[in-house]
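Working notes for the structure below.
The values are calculated or read from the model by the stated rules, or taken from the named source; none is laboratory data. Note that the structure is predicted; figures quoted are calculated from it, not measured. Please note: Cβ atoms are built from the backbone with ideal geometry, for glycine as well, and neighbour counts cover all protein chains shown. Quick note on the areas: whole protein, heavy atoms, side chains included, nothing else; ligands and nucleic acids left out. Shrake-Rupley method; radii C 1.70, N 1.55, O 1.52, S 1.80 Å.
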Amino acid sequence: MLPDPARQPEFYDGVPTKRLLAWCVDMLLIFAASALVATLPLFIGWFFFPAIVLTISLIYRIGTIASRSATPGMRLFNIELRNREGQHLDGSEAALHTIAYLIASAFFIPQLVSIGLMLLGDRGQGLHDLLTGVVALNRSA
């Protein structure tokens, strides 16, 4: 089961801020990898840069979340994702969460709603988290 935010607030303390910082680290890594891929085929990839970023983001997020239930940015800030049962995410859950995240991020209103939910909710879940039943927690020792 997931920790109760009222009885075990230490699992949720600072998670929205850590998620923002983790997102910055992850985006930096994704953009660096995308720039490398775009440059390799004689710079032709720069014409398709948005598609390259999207593809690398999908591979990066699904792969890292499925393997360790956190992206490298999340691991750096000591947070991880858990499903409704409190278990680490498997490959299909990681894919569903990533796709929901990318869809919510593509539109202004859902992204704004997500940010508001993360800041105001007891568990700090964004819209994509609520839809997929995922929670970001401080990693236990």
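Averaging over all projection directions, find the projected area of the Cα convex hull of the range 56-102 and quote it in nm² with one decimal place.
3.0
Quickly estimate the mean residue ellipticity at 222 nm for the chain, helices only: each DSSP H run with n ≥ 4 gives -39500 (n - 2.57), and the total goes over all residues, rounded to 500. Let's see the in-between values first.
On the way: 6 runs with 85 residues, N = 141.
Value at 222 nm, helices only: -19500 deg cm²/dmol.
Among G126, G63, G45, which one shows the highest mean-square fluctuation when the chain is modelled as a Gaussian network with alpha-carbon springs under 10 Å?
Residue with maximal mean-square fluctuation among G126, G63, G45: G45.
May I ask you to rank I52, I99, I30 by accessible area, largest first, using a 1.4 Å probe over the protein chains only?
Numbers: I52 30, I99 85, I30 0 Å².
The ordering from most to least exposed comes out as I99, I52, I30.
Given 4 °C and 1.567 mPa s, compute D for the chain with the Stokes-Einstein relation, Rh being the Kirkwood radius over Cα pairs; round to the nearest whole µm²/s. Working shown, then result.
On the way: Rh = 15.6 Å.
The diffusion coefficient I find is 83 µm²/s.
Determine how many Å³ per residue the convex hull of the Cα atoms of the range 80-137 encloses.
On the way: hull volume 3.7 nm³, N = 58.
Each residue corresponds to 65 Å³ of Cα convex hull volume.
In Å and from the alpha-carbon atoms only, list the Rg and Dmax of the range 1-57.
Taking only Cα atoms of the range 1-57, I get Rg and Dmax of 17.8, 56 Å.
Evaluate the relative contact order of the range 1-116 (contact order divided by residue number), counting alpha-carbon pairs under 8 angstrom at least 6 apart; express in whole percent.
Numbers: 108 pairs, mean separation 30.2, N = 116.
So the answer I get is 26 percent.
Can you give me the angle between helix 108-120 and the longest principal axis of the chain, using Cα atoms only, in degrees from 0 to 90, rounded to the nearest 10?
Taking Cα atoms only, the helix is inclined about 30 degrees.
In the range 62-123, which chymotrypsin sites (Phe, Trp or Tyr not before Pro) are in a loop and have at most 12 other Cβ atoms within 10 Å, using DSSP for the loop call?
Working: sites: F77, Y101, F107, F108; in loops: F77, F107.
Sparse-neighbourhood loop chymotrypsin sites (Phe, Trp or Tyr not before Pro): F107.
Quick one: check the C-alpha center-to-center distance for the range 68-141 versus the range 26-57, whole angstrom.
Distance between centres, Cα-based: 24 Å.
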